[in-house]
Amino acid sequence: MASILPTRTPRRVASVAMAVVTLLFASGCLRTSQNQVQYELNGDRSAQQLRSLGTQADAQAKAQAWAEKLARENKLYHSNLSDGIHVRWCVLGENVGYGADVPVIEDAYMKSAGHRANILSTTWNGVGVGYARNGSRVFTVQVFIKTC
């Protein structure tokens, strides 16, 4: 019995390769430090009986790039939320912070009404997390997204 395989054009191979890379990146292939940011965030959501947020590729890339920028400049400020987000989105949010380590920063987020609201919102269907260091100062970024 013969089987027929689809022709693999260079464009199709490139599309499949990009889809695999995106899937791997979006499904949790984060560095240990980024995993810790996501773990703390989802731990706070779980404590409130909310579902965990998985990474969304555009939000992830944006969050990491922004954390690195903040660490390089050694100062804290928000990004232009839509920069770097190429998927169709309905709502975006962002938490930026710095401190001695990830749990300290997450605790500070949870003590701030606005940051806490972002973390515990049921609006989001994805997140990007960033981590960078400047000396003893750790910077974290959480980019929340609702794709539509």
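The values are calculated or read from the model by the stated rules, or taken from the named source; none is laboratory data. These numbers were taken from a predicted model, which means no experiment stands behind them. Note that we place each Cβ from the backbone using ideal geometry, even for glycine, and neighbour counts take in every protein chain shown. Please note that ligands, DNA and RNA were not included when accessible areas were found on the heavy atoms of the full protein model with its side chains. Shrake-Rupley method; radii C 1.70, N 1.55, O 1.52, S 1.80 Å.
Residues whose amide H falls under 5 Å from that of ASN125, counting only those 5 or more places apart or on a different chain, are ILE145, LYS146, THR147, with hydrogens built in the peptide plane. Computed from backbone phi with θ = phi - 60° and the Karplus coefficients 6.51, -1.76 and 1.60, the 3J(HN,Hα) list for the stretch 73-88 is 7, 6, 8, 10, 6, 7, 8, 6, 3, 7, 4, x, 9, 9, 7, 6 Hz; x is used for glycine and proline. Averaging 1/r across all pairs of distinct Cα atoms in the stretch 33-148 and inverting the result yields a Kirkwood radius of 13.7 Å. Solvent-accessible surface of the stretch 65-148, averaged per residue with a 1.4 angstrom probe and all protein chains in place: 48 square angstrom.
Residues whose amide H falls under 5 Å from that of ASN134, counting only those 5 or more places apart or on a different chain, are PHE139, with hydrogens built in the peptide plane. Sites listed here are trypsin sites (Lys or Arg not before Pro) in the stretch 28-109 whose DSSP assignment is loop and whose Cβ has at most 15 other Cβ atoms within 10 Å: ARG31, ARG51, LYS75, ARG88. The alpha-carbon positions of the stretch 88-148 define a convex hull whose volume is 68 Å³ per residue. In loop segments of the stretch 27-135 as defined by DSSP, the chymotrypsin sites (Phe, Trp or Tyr not before Pro) with at most 16 further C-beta atoms inside 10 Å of their C-beta are TYR77.
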